[in-house]
Amino acid sequence: MSRRRHVLGLSGGRDSAALAVHMSQAHPEFEMEYFFTDTGKELPEVYEYLGRLEGFLGRPIERLNPDRDFDFWLKQYNSFLPSPKMRWCTRQLKIRPFEQWLWPALDAGDEIVSYVAIRSDEGYREGYASTHPNLSVSLPFREVGIDKAGVIDILNASGLGLPAYYEWRSRSGCTFCFFQQKIEWVRLKERHPDSYAEAKTYEKNAVDHGSPFTWSAGESLDDLERPERIEQIKADHDRRLARLAAKRVVNPLRPDDEPIDMDELYGTAKVCLSCHK
Ligand code: SF4
């Protein structure tokens, strides 16, 4: 007999966590199935946060592990690193496991609603387009008008707060995600030197195989970690922060609890709903 199911993907990021909290409170009658698609290259802070979230929700978060890991797909793509132009990582490590998980049930007639954490202040993002007739997408934050400040309120009120990596990075996703800004690479090196070293190894291997892409546009991670370059990147970041802070209109009800996102500082990146929400 076909069923109606509700699924909600967690990226380890702020918005999807807040959506999970919101849905658990607004619709406790749904037997929500939470899932996290693990690329195997996630920050330790992500696993820690998911563990706390699981405790709050009182339901398990299903870990979808791709049948083939990053290294397998890297070989398939001739050792070329994924990049904004060739984003094989999202396709193979995020979307494919999701489809492998749900498609048999959808084909068998289950109707599944997938809840996506696009906020009401994010007109520019497109939702996950359903590619199966029995799969529909719901955007509850848009429907009820929850914006970034609302998301932070939800997480604070729940006691979860923000994931710990928000101290130095404003997106979830792989340790070496190419969508990172240069300042985030600098901080990755400071916070997780082993992950930075691993990213350098991947990059060297890619360049040796003729890849035109480095992780960060226009320079290798070897170049980016030179002390004088790090100073330059930090100074540029501080200038941007000061410029944006001077232009910001402060909400008197929330004078200082809304962190500045990288998108606001560096422009809207075409980030991915599976990885960065
Ligand atoms: S976080 Fe970045 S590197 Fe990882 S799968 Fe997503 S887009 Fe690719």
Checklist entry - So which of P104, P60, P44 is modelled with pLDDT of 90 or more and touching an Asp or Glu at 6+ places or on another chain (Cβ under 8 Å)? => result P60
Checklist outcome for this item: Filtering the stretch 140-161 for residues that are in contact (Cβ under 8 Å) with a residue 24 or more places away in the chain and out of contact with any helix residue (DSSP H, G or I) (no Cβ under 9 Å at 6 or more places or on another chain) leaves a count of 4
Checklist entry - If L160 passes every condition in (1) open to solvent by 20 Å² or more (accessible area, probe 1.4 Å); (2) farther than 29 Å from W88 by Cβ; (3) over 17 Å from the mean Cα position of the chain (by Cα) but one, which one does it miss? => result (1)
Checklist entry - F141 is checked against (1) crowded, with 16+ Cβ neighbours inside 10 Å; (2) within 16 Å of the ligand (Cβ to nearest atom); (3) of a type outside the set (V, I, T) and fails just one. What number does that condition carry? => result (2)
Item to check | Residues satisfying the stated conditions in the stretch 22-44, i.e. surrounded by fewer than 18 Cβ atoms within 10 Å (Cβ to Cβ) and within 17 Å of the chain's Cα centre (by Cα) | outcome: G40, P44
Checklist entry - Considering T201, T214, which residue is among the hydroxyl-bearing types (S, T, Y), within 18 Å of C89 (Cβ to Cβ) and open to solvent by 70 Å² or more (accessible area, probe 1.4 Å)? => result T201
Next on the checklist: With the requirement that a residue be open to solvent by 20 Å² or more (accessible area, probe 1.4 Å), under 17 Å from the mean Cα position of the chain (by Cα) and more than 22 Å from I95 (Cα to Cα), what does the stretch 45-76 give you?
Outcome noted: E45, E48, G51
Item to check | Hits in the stretch 93-111 (condition: within 13 Å of the ligand (Cβ to nearest atom) and open to solvent by less than 20 Å² (accessible area, probe 1.4 Å)) | outcome: L93, K94, P97, F98
Checklist entry - Hey, which of the helices (runs of 4 or more DSSP H) in the stretch 135-210, taking only ones fully inside, have at least 3 residues that are of a type in the set (D, E)? => result 193-208
Checklist entry - Only one of E190, E167 is open to solvent by 50 Å² or more (accessible area, probe 1.4 Å), under 17 Å from the mean Cα position of the chain (by Cα) and more than 13 Å from the ligand (Cβ to nearest atom); which? => result E167
Checklist entry - If you scan the stretch 77-92, which residues turn out to be open to solvent by less than 80 Å² (accessible area, probe 1.4 Å), in contact (Cβ under 8 Å) with a residue 40 or more places away in the chain and not in a helix (DSSP H, G or I)? => result S79, F80, L81, P82, S83, M86, R87
Next on the checklist: Against the definition (farther than 23 Å from S274 by Cα, in contact with a Leu (Cβ under 7 Å, 6 or more places away or on another chain) and either open to solvent by 40 Å² or more (accessible area, probe 1.4 Å) or of a type in the set (A, V, I, L, M, F, W, C) (or both)), how does A206 come out, yes or no?
Outcome noted: yes
Checklist entry - Out of all the residues in the stretch 5-21, is one or more open to solvent by 50 Å² or more (accessible area, probe 1.4 Å), within 13 Å of the ligand (Cβ to nearest atom), in contact (Cβ under 8 Å) with a residue 24 or more places away in the chain and in the same structural domain as S158 (by TED's automatic domain parsing)? => result no
Checklist outcome for this item: Scanning the stretch 217-235 for residues that are hydrophobic (A, V, I, L, M, F, W, C) and surrounded by fewer than 14 Cβ atoms within 10 Å (Cβ to Cβ), the one modelled with the lowest pLDDT turns out to be A217
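The values are calculated or read from the model by the stated rules, or taken from the named source; none is laboratory data. Small disclaimer: the values here were computed from a predicted structure and weren't measured. FYI the Cβ positions are ideal-geometry reconstructions off the backbone, even for glycines, and counts take in every protein chain you see. Ligands, DNA and RNA are stripped out before the accessible areas are found, and what is left, the full protein with its side chains, is counted by its heavy atoms. Shrake-Rupley method; radii C 1.70, N 1.55, O 1.52, S 1.80 Å.
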